[in-house]
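Quick note: the coordinates plus some simple rules give every number you see, no bench work behind them. The structure displayed is predicted, hence computed values, not measured ones. Please note: Cβ atoms are built from the backbone with ideal geometry, for glycine as well, and neighbour counts cover all protein chains shown.
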Amino acid sequence: MLPQGHDPVIIAPGHQFTGPVSGHPFQCITLKLESIHFRYKSIHLQVAQKVLSMIALVKYSVSHCTFTHSYGFNGADVWVKSGCRALFKICFVPRPSLPVTKEITCASYHFRRVHCNVGRRIISVIVKKKFSLLPCIFGLSYKFSGSVLEVFHSCRAVFLVKVY
């Protein structure tokens, strides 16, 4: 809480962080951080691979909020100390997502092409269990592009689809 009669101070009105930085796409979030009773407070940003910038947008404390003295970042960690309490704009390189394997049933009847959208970019597909009489062979009766698994020539199967 601010003492009575004190309003939040706008530190960086209209500040825009543009780029990509060093060729990396980045994302930005706003986050309120508080050093209560002048204690050091650190938070690890799970979504970040590396923090690129941290700017105090609105200060809520009577204490100063000075970059590298009372707030800052290191890797994917952001911190405040010395009584700094503020709303920060934090820009970061997002952590790369890990591949996930999904089990997808996709079936072609009467030699028709069927598109099964798995929602994320496909990196590999293997047949787990075939239901059709005809074989399911990559390139001949199924293929993938982007987030779509395409089956044809009456291939019917449960596929293990690795996606990002």
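Miscellaneous remarks
- With 0.36 nm allotted per residue and the present C-alpha distance subtracted, the Gln49-Glu103 stretch has 16.6 nm of extension available.
- Exposure proxy order (Cβ contacts within 10 Å, fewest to most) of His64, His37: His37, His64
- Extension reserve of the Arg95-His69 stretch, reckoned as 0.36 nm per residue once the Cα distance is removed: 6.7 nm
- Structure remark: mean-square fluctuation, Gaussian network model of the chain, C-alpha springs under 10 Å; the largest value among Lys129, Lys50, Lys41 belongs to Lys129.
- Across the chain, Cα-Cα pairs more than 26 Å apart make up 52 percent of the total.
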